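Below you'll find the structure, written out as structure tokens, and then a few comments.
Every read-out reported here was derived from the displayed coordinates using simple, explicitly stated rules and does not represent laboratory data. Remember, it's a predicted structure, so these values are computed and weren't measured experimentally. Using ideal geometry, Cβ is built from the backbone for each residue, glycine included, and neighbour counts are taken over all protein chains shown.
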Amino acid sequence: MKRLIVSAPKNPVVILFFLLFILSACSSQEEQSAQTNQVMKLVKVEVKLNPEEAKAKQKTEIQAIVTQDNEPVEDADEVKFEIWKEGDEKHETIKAAHRKDGIYAINKTFTEEGIYNIIAHTNARSLHTMPKIQVTIGK
């Protein structure tokens, strides 16, 4: 009958290399966990109209106010507005420009009155947020 004998490596370099490998793997996981906790703060987006009571055939500013941890986000990768009239299949998408203090905006003239849906597609700090509002455009 054959015996299988397993022995520990006798070379100290091999042992040292193995221990360093184990320790480095543990510290990498801790660093990744700390980075994940920092990134996980939500990016909040509030959509507003200026003027609030928008009218057809009148220029209206649509704003996305982007914050993270109650601080303005000045470095969003992209903010764009998807706009469509309730019941219509055609959606319009317009890229917003950064104004100041975390405000990204477009100017829009609604051609007719009615109920409109607006989604602010926002990519900021590795997160995608897309709040939707519904507004009534009057005469």
Margin query: Using the Karplus curve 6.51 cos²θ - 1.76 cosθ + 1.60 with θ = phi - 60°, what ³J(HN,Hα) values do you get for each residue of segment 113-118, in whole Hz, with x for Gly and Pro?
Written below: 6, x, 9, 10, 9, 9
Check: Can you list the residues, at least 5 places off or on another chain, whose amide H is less than 5 Å from the amide H of A96, using H built in the peptide plane?
Finding: V79, K80, F81
Check: Counting Lys and Arg as +1 and Asp and Glu as -1, what is the net charge of the other residues whose Cβ lies under 9 Å from the Cβ of K108?
Finding: -1
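Return the subset of K108/K132; K41/K85; K57/K100 for which the Cα-Cα distance in this structure is over 25 Å, preserving the input order.
Details: K108/K132 17 Å; K41/K85 33 Å; K57/K100 27 Å.
Check vs 25 Å cut-off fails for K41/K85; K57/K100.
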Check: What list of ³J(HN,Hα) values in whole Hz, one per residue of segment 76-89 in order, does the Karplus curve 6.51 cos²θ - 1.76 cosθ + 1.60 (θ = phi - 60°) give from phi, with Gly and Pro shown as x?
Finding: 4, 5, 6, 9, 9, 9, 9, 10, 7, 7, 3, x, 7, 8
Checklist line | Neighbour-count order for H91, H121, fewest beta carbons within 10 angstrom listed first | finding: H91, H121
Margin query: Per-residue counts of other Cβ atoms within 10 Å, averaged by peptide: what ranking do you get for 98-104, 55-61, highest first?
Written below: 98-104, 55-61
Checklist line | Karplus (6.51, -1.76, 1.60) ³J(HN,Hα), θ = phi - 60°, over segment 90-95, in Hz, Gly and Pro reported as x | finding: 7, 10, 10, 10, 10, 6
Notebook entry, point to check: Between Q58 and E86, what is the label-to-label distance in nm when each label sits 7 Å out along the Cα-to-Cβ direction?
Noted result: 2.0 nm
